[in-house]
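The structure under discussion appears below in the form of structure tokens.
Bear in mind these aren't lab numbers, they're just calculated from the coordinates by the rules spelled out. Computed from a predicted model, the values in this text were never measured in an experiment. Every residue, glycine as well, gets a Cβ built from its backbone with ideal geometry; the counts of neighbours run over all protein chains shown.
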């Protein structure tokens, strides 16, 4: 299991992560980020890609 | 050409985001040999966009913008504070300004851009913002009541104007353009941006150049080409950039605008030869993106160093593995979606695609209202090639998909 943390003070809801890991990240109808804080290990590449593309660098994987 | 020494490291020149992503990608793609990253700045790789926005508005520190270091990067060698001065592609060597010459097994070119400067005498109070050190120096002078002149009205200049206003400075923008952000956004949107920036108290002098920056030891005023004089304490020059290619001069690489690469990010020489052991990533890379056409372009958007760095790392790792996978990896589709964002006051811009491909007649509002929130479409030959959100995000997603699928 991978644990994900998003610093919601940093997050500007750009939604770049949504394209990389759609199972974990979505933009709701109010343009706000919603995320699922756990992902199966098989999702690691996608989650890491989401971390990379965050313009605010607000996402991290808790090891 | 003589063979490269297989015991030599992969040398990545440029220790910013593109170089970092290339190194990470090499490791993730299974390359276990030596990697050395050579960078001119003393700081480990960091995220630049906050340097004109959030971080400039608060504390400018490396910690606030540093990229996290991944475990697999532990044995990557960082050679920082060292500038590449020459490269010999035939001998597989790199010369740096500390006088050393090092061998490389493969080379990744990631030296990016540097800020262009106005051609006036050096004087205190003149600034650019490209590096962390630049932002630190500027931050110290953005005190309440300071009179700031921003030269140039691209995204960077407009963001810096907004941040300076937020910090209590008076701000004037001087630009040769008719409207702020005219070139990247087009006339329709740029006119609206002018209205919003003006409403926030930014004074805009458009269609003019800087004729002189005057002052004894520090900036006192800026004289414009129409004779107007603006009193100033700080001048911020955001007038574009130069590619850091000087160290590559004398090589057969195509340096006509940045460094030419193919779609696998392999460097291409002036006679069209594709080099399997030299790669180009980031702002400096001019490469074809089949999402749009077969024209090689440089794209100065934030996502490009990451996308091209990952691509170069994967292709190079396959080349070095020599396990028969190379042709398949090269042939894998690579069509990164350009994306950018810009925050200025309460204006939140976000875009996908290549807005700059489009002429003013082919820009139209898709949803919403320009004076409030809107999605704006950029068309080329009736195909959607770009979409801009003004305060809209999720609404852009179907348009992003349309662009990725060829724009129809």
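With the gyration tensor restricted to C-alpha atoms of segment A:2-62, the semi-axes of the equivalent ellipsoid amount to 17, 12, 10 Å, longest first.
When B:339, B:153, A:42 are sorted by how many other C-beta atoms sit within 10 angstrom of their C-beta, beginning with the fewest, the order is A:42, B:339, B:153. Look at the stretch A:11-20: the mean tally of other chain Cβ atoms within 10 Å of its residues' Cβ atoms is 4.
Considering helices alone, the calculated mean residue ellipticity of chain B at 222 nm is -6000 deg cm²/dmol, with DSSP H runs of length four and up weighted by -39500 (n - 2.57) and normalised per residue. Across all Cα atoms of chain B, the radius of gyration (one decimal) and Dmax (whole number) stand at 22.1, 67 Å. Potential lengthening of the chain between residue B:217 and residue B:114 amounts to 34.6 nm, from the contour at 0.36 nm per residue minus the alpha-carbon distance. How far is helix B:17-28 tilted off the main Cα axis of chain B, in degrees rounded to 10, range 0 to 90? With both axes taken from Cα atoms, the answer is about 30 degrees. For chain A, adding -39500 (n - 2.57) for each run of n ≥ 4 DSSP H residues and dividing by the number of residues yields -6000 deg cm²/dmol at 222 nm. Axis angle, to the nearest 10 degrees, between helix B:303-321 and the longest C-alpha principal axis of chain B: 0 degrees. From the alpha carbon centroid of segment B:142-221 to that of segment A:27-62 is 35 Å. The C-alpha atoms of chain A define a longest principal axis, and helix A:44-53 lies at about 30 degrees to it.
What does the average come to when, for each residue of peptide A:52-58, you count the partner chain Cβ atoms lying within 10 Å of its Cβ? Display every interim value, and only then the final one.
Numbers: counts 12, 5, 1, 10, 6, 9, 0.
Counting other chains' Cβ atoms within 10 Å and averaging over A:52-58 gives 6.
Please give the peptides B:255-263, B:313-321, B:30-38 ranked by average Cβ packing (other Cβ atoms within 10 Å per residue), highest first, as a rough proxy for protection. Please report the intermediate quantities before stating the final value.
Values: B:255-263: 20.6, B:313-321: 23.1, B:30-38: 18.7.
Going from most to least packed, we get B:313-321, B:255-263, B:30-38.
Highest GNM mean-square fluctuation among B:218, B:232, B:351, for chain B modelled with Cα contacts below 10 Å: B:218. Neighbour counts of C-beta atoms inside 10 Å place B:384, B:51, B:357, B:370 in the sequence B:370, B:357, B:384, B:51, starting with the fewest.
Between residue B:257 and residue B:61, what is 0.36 nm times their sequence separation minus the Cα-Cα distance? Round to one decimal in nm.
Numbers: separation 196, 0.36 × 196 = 70.56 nm, distance 3.27 nm.
Taking residue B:257 through residue B:61 to full extension adds about 67.3 nm, to one decimal.
At q = 0.06, 0.07, 0.11 Å⁻¹, what log₁₀ I(q)/I(0) does the protein assembly as shown have when each alpha carbon counts as one equal point scatterer in the Debye sum? Normalising to I(0) and taking log10 leaves -0.27, -0.37, -0.95. Distance between the pseudo-spin-label points of residue B:86 and residue B:133 (7 Å out from Cα toward the beta carbon): 2.5 nm.
Exposure proxy shown here: for B:156, B:355, the number of other Cβ atoms within 10 Å sets the order, fewest to most, as B:355, B:156. Average projection, convex hull of the Cα set of segment B:346-404: 3.8 square nanometres.
Starting from the Cα gyration tensor of segment B:9-123, take the square roots of the eigenvalues, sort them a ≥ b ≥ c, and report rounded, prolate or oblate (rounded when a/c is under 1.5, otherwise prolate if a/b is larger than b/c, else oblate). Taking the square roots of the gyration eigenvalues as a ≥ b ≥ c, segment B:9-123 is oblate.
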